[in-house]
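What follows is a set of notes on a single structure, which appears directly below.
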Amino acid sequence: MSNADELLRIEGIRKTFPGVVALDGVDFDLRRGEVHVLLGENGAGKSTLIKMLSGAYTPDAGRILVGGEETRIQGAQDSERLGIATIYQEFNLVPDLTVAENIFLGRQPRRLGMIDRKKMEADAEVLLKRVGVSVSPRARVRELGIARLQMVEIAKALSLDARVLIMDEPTAVLTSEEVDKLFAIVRTLREDGVGIVFITHHLEEIAALGDRVTVIRDGKSVGQVPATTPEDELVRLMVGRSIEQQYPRERADRGAALLTVEQLTRDGVFHDVSFEVHAGEVVGIAGLVGAGRTEVVRAVFGADSYDKGTVKVSGAPVAKYDVNAAMTAGIGLVPEDRKGQGLVLDASVEENLGLVTLRSATRGGLVDLKGQREAAGRIAGQLGVRMAGLGQHVRTLSGGNQQKVVIGKWLLADTKVLILDEPTRGIDVGAKVEIYQLVNELTAAGAAVLMISSDLPEVLGMSDRVLVMAQGRIAGELSADEATQDAVMALAVSNPSTDKEASRGH
Amino acid sequence: MATDTLKSTTGAGGASGGLRRLLLDNGALTALIVLVIAMSALSGDFLTTDNLLNVGVQAAVTAILAFGVTFVIVSAGIDLSVGSVAALSATVLAWSATSAGVPVFLAVLLAIATGIVCGLVNGILISYGKLPPFIATLAMLSVARGLSLVISEGSPIAFPDSVSHLGDTLGGWLPVPVLVMVVMGLIAAFVLGRTYIGRSMYAIGGNEEAARLSGLRVKKQKLAIYAFSGVFAAVAGVVLAARLSSAQPQAADGYELDAIAAVVIGGASLAGGTGKASGTLIGALILAVLRNGLNLLNVSAFWQQVVIGVVIALAVLFDTLRRKAGATPVAGASGGGKGKQAATYGLAAVVTVAIVGATSFLHTGSSAASSPKMGLSLSTLNNPFFVQIRAGAQAEAEKRGVDLTVTDAQNDASQQANQLQNFTSSGLGAIIVNPVDSDAASNSVKAADQAKIPVIAVDRGVNKASVDALVASDNVAGGELAAKTIAGKLGGKGKIVILQGQAGTSAARERAQGFANGLKAFPGIQVVAQQPADFDRTKGLDVMSNLLQAHPDVQGVIAANDEMALGAIKALGSKAGKSVSVVGFDGTPDGLKAVEGGTLYASVAQQPSQLGKIAVDNALRALKGEKVEETVKVPVKVVTKENVAGFSG
């Protein structure tokens, strides 16, 4: 309490939800000018903890002290008044307002009752400069990429004169270049005396940025260690056991080509994309965000249309822009946006698992509900989905278990070619390894896996071949041996279109 | 003390845990039970088999519509067109069976097909035209209503007898509409729970993109979902028309909102993904119990609307609270949560009872048991004319010591049928009816006749059923008078427009007949336009403004009531009373004021308070078994500036 540098102290916080004790005795403190990393598996209680600080939840027991004084944070206004700003994984921005309007939302400078646009935009300009992002204050937020959205969020936090900045997995959606930029900004803020609570799953970021680390496991704080602690030790603290191998890829025998994509083109988005994926093979697609990776796999799956090219499965062409044709051919897609595109969040585990097989389980318009339940129970057991029962809503599952459900529905449909788009984004280390094991089982059984990932170590660790995309084209292909971080990055930032365009004489 | 009681309540809850669980899992059911208990406590007539079957019948149409809407809402859509589609389907059935001579069996199929086609059009606009469901179905609401008016030419069409049996009872007690409701409910539950399309509805409503990426053919499913809604609307329309023995082009107006309310009260979310047929049924029953109970309790028609709105909000509010609070005890939280919850429910019950009690107390005063009871069902109270009928009737009732219940059918024939049914089942001494529609009231009046309750019609007659007396102004004679007055003013030469009343009402028909008869004697008068403005002031203003664009040189206006005349005067602005003469009908206080001010040249004055007074007088006589005249004509008079002083209202 005597420590003048202490911004925030949490003592013995407890919070329960229906059927779950989310937090049970968490201690945490934050000093001026430090980056305090909050580490823990998904479902450990990190999100619940920061929601207490942002006023979204109130604790059932325990104390929160801000600047040495005990406070109750009842809502967003309280936390704003206390100088606590939070940047969530899902951004709180209004897409159709401008950057400046978003930064000053609800606090727009006024003159004679009218919004003083000039002043607002000038102020926004200053803030944007401070976070080092070149974006016009008059640009609509809808038009911005994900990295810039995050910068706008940070600018918004700065505009509140935040003394405490909470960042919930800010790097999960960024490319490594963007991550570097973010780190630079965070370091500047630290020098300005802001206390930063930083949540991440990337252990290497801890050493690069953090000062102290508090590890949370099963709703309890299990330790506070310096950021220089070795990664093995951090993992052990986090999962309560040591994980032997982060990327346990087991090569299977390579069979015939299952998926063949030839000259796939959608004007202005991707061009002349050709590749093959063989049975028993994991092919990774690396590249920067915006390189067209997701667009290509969505087109292969029939979720979007394309202008030229063909998609074949086992040599037979698949009709374009037809999800059902792709499914019938044996393609499955685990989409990038798990919650938005992969799951019906307020439906049960059983219903989500049965979604793909719903049609085939229907006879004369009637669904074989009993068969569906048995199948769901079998696959949930096989995947080790941790749940209260098949009736539990998937919204209440942790990220890793949600992802298992998305993958599970395709396994039920006997998918031969499984496309995984960012399969482990926002998933904790333990669950990641389980998903990798699943990929191993699939390829061992003769399926083909095409995996997009922005997590370079993951692509390198799990792929048998790596395709690197840049600017809508395949910039190059690397075998597992050739694929290093440097090699991939070199291709990812290359400009594969110029020479080809020139040679065609457009 | 209070906390003690709460604790003991929760303690008892533990003993009867199963029931408590059931109630907690279904907030709407709890609300229904609370309502039923409150109603039975407040009215002795409520908890009788007859009356409960009444409630069932009255819930039937809303429930069947709502089952269809449940499909749509579960899939995160909305269907505003169901009321209109119901009216259109019934009109198609009646028209094809009577006017076009199609066999009844085929006509029924045609009606169902109409529902399917309307639903498919909705679905196509939404799936392939990418219109928001709200807009697509709003358009269909207007189109279907318009088509049913076009087909029926604005008048009700008698329903084929064989289909009308759908409105009867089986074995003399089980009403067929209730049976149809139950069957459709079971179908809806089956579709939602067991079929491919039903499970797809939940998936699409929960997350459309995830459903699409899981191989569900979302666009095609949506066509089917809206088509299903159309089928249910068609069935509801047929049931509604069967009850009234007549297909009304204006039937089920606004029912889409009742249906949506029923679905939401039943626990569905407008965001999609949740909802059950059983919940929807309960929602529809809550609305019906409210309307029925409030009728029985003699709550003022105006207050009824307030109460219904409050209860809709409360029902959904408590359901939300329950979901929030209901989850807490599972986590083994302290008794505080449970106590809070019990308090919530206690509060819900107390508030409901208090509102119902207060409003009924407000308007019954002390209900002396000895005084004769009567019911007056007015077509609407949205018009001063009928308000004056009520005033005259109430004054006379008070003078003669009669306990008079007044209800407002809001120009909805089936709501009136419900009210008359409630009157009959609560054993009133006599019923006074001011029919919304002369054909549609016949079934209900027949039922009252069977129960040996004397029925007096006021202002408008009842077709195909015997009433003890009709107390009415002579509309045809009044129409002739209006025509003569305007012709006299214009010197037998000039251009005039006629604003007609609401299509399908006898007053509109008879007055139009009177205008035509009267104008025959004046060949110099040219009628340049005749348009309906539904007896409504705002519509009178709009229609007149439009007509003035086409006929700026018009010299006279005949309006079939004063409200429309006053609207027309607004449209005419400074011309009114100077270059254009307006003649109204009814002699309402506002109308008479305008006559005094010179903007309205004349009004054919009825004496609405006299109508009410004489109706009560005749009802009393019929009740006592005295002889009453079959038709009691209350004279009409032309009121101009010269004699307006004598008509103070």
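The values are calculated or read from the model by the stated rules, or taken from the named source; none is laboratory data. Remember, predicted model here, so these are calculated numbers, not experimental data. Here the Cβ is made from the backbone with ideal geometry for all residues, glycine too, and neighbour counts use every protein chain on show.
Yes/no per residue for (1) at positive phi; (2) modelled with pLDDT of 90 or more; (3) polar (S, T, N, Q):
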{"site": "A:GLU178", "(1), (2), (3)": "no, no, no"}
{"site": "A:PHE183", "(1), (2), (3)": "no, yes, no"}
{"site": "A:ARG187", "(1), (2), (3)": "no, yes, no"}
{"site": "A:GLU191", "(1), (2), (3)": "no, yes, no"}
{"site": "A:ILE196", "(1), (2), (3)": "no, yes, no"}
{"site": "A:THR200", "(1), (2), (3)": "no, no, yes"}
{"site": "A:GLU204", "(1), (2), (3)": "no, no, no"}
{"site": "A:ALA208", "(1), (2), (3)": "no, no, no"}
{"site": "A:VAL222", "(1), (2), (3)": "no, no, no"}
Of the residues in region A:1-30 that are at pLDDT below 85 and within 13 Å of chain B (Cβ to nearest Cβ), the one that is nearest to the chain's Cα centre (by Cα) is A:ALA22
Checking the conditions here, which among A:ALA444, A:ALA431, A:ALA380, A:ALA448 is touching a Lys or Arg at 6+ places or on another chain (Cβ under 9 Å), farther than 24 Å from A:LEU345 by Cβ and among the hydrophobic types (A, V, I, L, M, F, W, C)?
A:ALA448
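Considering only region A:254-273, I want to know if a residue exists there that is among the polar types (S, T, N, Q) and within 14 Å of chain B (Cβ to nearest Cβ).
Taking region A:254-273 and keeping what is among the polar types (S, T, N, Q), we get A:260, A:263, A:265.
Next cut, within 14 Å of chain B (Cβ to nearest Cβ) only: none.
So far as region A:254-273 goes, no, none of its residues is among the polar types (S, T, N, Q) and within 14 Å of chain B (Cβ to nearest Cβ).
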B:ILE157: among the β-branched types (Val, Ile, Thr) and within 14 Å of chain A (Cβ to nearest Cβ), yes or no?
no
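Mind telling me which of the residues B:SER89, B:SER84, B:SER152 ends up being modelled with pLDDT of 95 or more, within 24 Å of B:GLN531 (Cβ to Cβ) and polar (S, T, N, Q)?
B:SER84
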Exactly one of (1) more than 14 Å from chain A (Cβ to nearest Cβ); (2) in contact with a strand residue (DSSP E or B) (Cβ under 7 Å, 6 or more places away or on another chain) is unmet by B:ALA188. Its number?
(2)
For A:MET120, all conditions in the list (1) touching a Ser or Thr at 6+ places or on another chain (Cβ under 8 Å); (2) crowded, with 19+ Cβ neighbours inside 10 Å; (3) not polar (S, T, N, Q) hold save one; what is the number of the exception?
(1)
Some residue of region A:28-46 being out of contact with any Asp or Glu (no Cβ under 9 Å at 6 or more places or on another chain) and more than 25 Å from A:GLY193 (Cβ to Cβ)
no
Contacts under 6 angstrom Cβ, first residue in region A:268-294 being touching a residue at least 60 places away in the same chain (Cβ under 8 Å) and at positive phi, partner crowded, with 22+ Cβ neighbours inside 10 Å and among the basic types (Lys, Arg), 6 or more apart
A:GLY287/A:ARG293
Just checking, which of B:ASP79, B:ASP50, B:ASP45 is over 30 Å from B:GLU209 (Cα atoms), among the charged types (D, E, K, R) and part of a loop (DSSP other than H, G, I, E, B)?
B:ASP45
Of the listed residues (B:GLY254, B:GLY230), the one being away from chain A (no Cβ under 14 Å) and either surrounded by fewer than 24 Cβ atoms within 10 Å (Cβ to Cβ) or more than 24 Å from the chain's Cα centre (by Cα) (or both) is B:GLY254
Suppose we filter A:ALA147, A:ALA122 for residues that are among the small types (Gly, Ala, Ser), more than 26 Å from the chain's Cα centre (by Cα) and not assigned by TED's automatic domain parsing to the domain that holds A:SER453; which single one remains?
A:ALA122
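May I ask you to list the residues in region B:252-274 that are under 12 Å from B:GLY68 (Cβ atoms) and of a type in the set (Gly, Ala, Ser)? Spell out the reasoning first.
Applying the first criterion (under 12 Å from B:GLY68 (Cβ atoms)) to region B:252-274 yields B:255-256, B:259-260, B:262-263.
Passing the criteria: B:ALA259, B:ALA262.
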Residue in region B:537-544 that is surrounded by fewer than 16 Cβ atoms within 10 Å (Cβ to Cβ), in contact (Cβ under 8 Å) with a residue 24 or more places away in the chain and not charged (D, E, K, R) present
yes
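Taking the residues in region A:409-431 that are farther than 30 Å from A:GLY290 by Cβ and assigned to a helix (DSSP H, G or I) as candidates, determine which candidate is farthest from the other protein chains (Cβ to nearest Cβ).
Filtering region A:409-431 down to residues farther than 30 Å from A:GLY290 by Cβ leaves A:411-414, A:430.
Subset that is assigned to a helix (DSSP H, G or I): A:411-412, A:430.
Details: A:LEU411: 13, A:LEU412: 11, A:GLY430: 25 Å.
In this case the residue turns out to be A:GLY430.
For residues that are modelled with pLDDT of 90 or more and either within 10 Å of another protein chain (Cβ to nearest Cβ) or not in a helix (DSSP H, G or I) (or both), scanning just region A:364-376, find the one that is nearest to A:LYS404 (Cα to Cα). Even if it seems obvious, please write down each step before you answer.
Applying the first criterion (modelled with pLDDT of 90 or more) to region A:364-376 yields A:366-376.
In the following step, the residues that additionally are either within 10 Å of another protein chain (Cβ to nearest Cβ) or not in a helix (DSSP H, G or I) (or both) were identified as A:366-369, A:372.
Details: A:LEU366: 27, A:VAL367: 24, A:ASP368: 23, A:LEU369: 21, A:GLN372: 17 Å.
Applying the filter and picking the extreme gives A:GLN372.
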Tally up the residues in region B:198-227 that are over 31 Å from the mean Cα position of the chain (by Cα) and more than 14 Å from every other protein chain (Cβ to nearest Cβ), please.
0
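Of the residues in region A:389-400, how many are under 19 Å from B:ALA203 (Cα atoms) and either among the small types (Gly, Ala, Ser) or not in a loop (DSSP other than H, G, I, E, B) (or both)? Before the answer, list the steps.
Restricting attention to region A:389-400, the residues satisfying the condition of being under 19 Å from B:ALA203 (Cα atoms) are A:390-397.
Adding the requirement that they be either among the small types (Gly, Ala, Ser) or not in a loop (DSSP other than H, G, I, E, B) (or both) leaves A:391, A:393-396.
Residues that pass the stated criteria total 5.
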As an exercise: evaluate A:GLU153 against (1) assigned to a helix (DSSP H, G or I); (2) touching a strand residue (DSSP E or B) at 6+ places or on another chain (Cβ under 9 Å); (3) more than 28 Å from A:GLU204 (Cα to Cα) and give the number of the one condition it does not meet.
(3)
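Please verify whether B:GLY44 is closer than 20 Å to B:LEU281 by Cβ and more than 24 Å from the chain's Cα centre (by Cα), treating the condition exactly as stated.
On the way: closer than 20 Å to B:LEU281 by Cβ: no; more than 24 Å from the chain's Cα centre (by Cα): yes.
Taking the combined requirement at face value, the residue does not satisfy it.
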Taking A:VAL385 and the conditions (1) among the β-branched types (Val, Ile, Thr); (2) away from every other protein chain (no Cβ under 13 Å); (3) closer than 19 Å to B:LEU213 by Cα, which numbered condition does it fall short on, given that it satisfies the others?
(3)
Could you please find all residues in region A:327-350 being more than 7 Å from every other protein chain (Cβ to nearest Cβ) and either farther than 25 Å from B:THR195 by Cβ or of a type in the set (Asp, Glu) (or both)?
A:ALA329, A:GLY330, A:ILE331, A:VAL334, A:GLU336, A:ASP337, A:ARG338, A:LYS339, A:GLU350
Within region A:286-315, how many residues turn out to be touching a helix residue (DSSP H, G or I) at 6+ places or on another chain (Cβ under 7 Å), over 29 Å from A:ARG148 (Cβ atoms) and more than 14 Å from chain B (Cβ to nearest Cβ)?
2
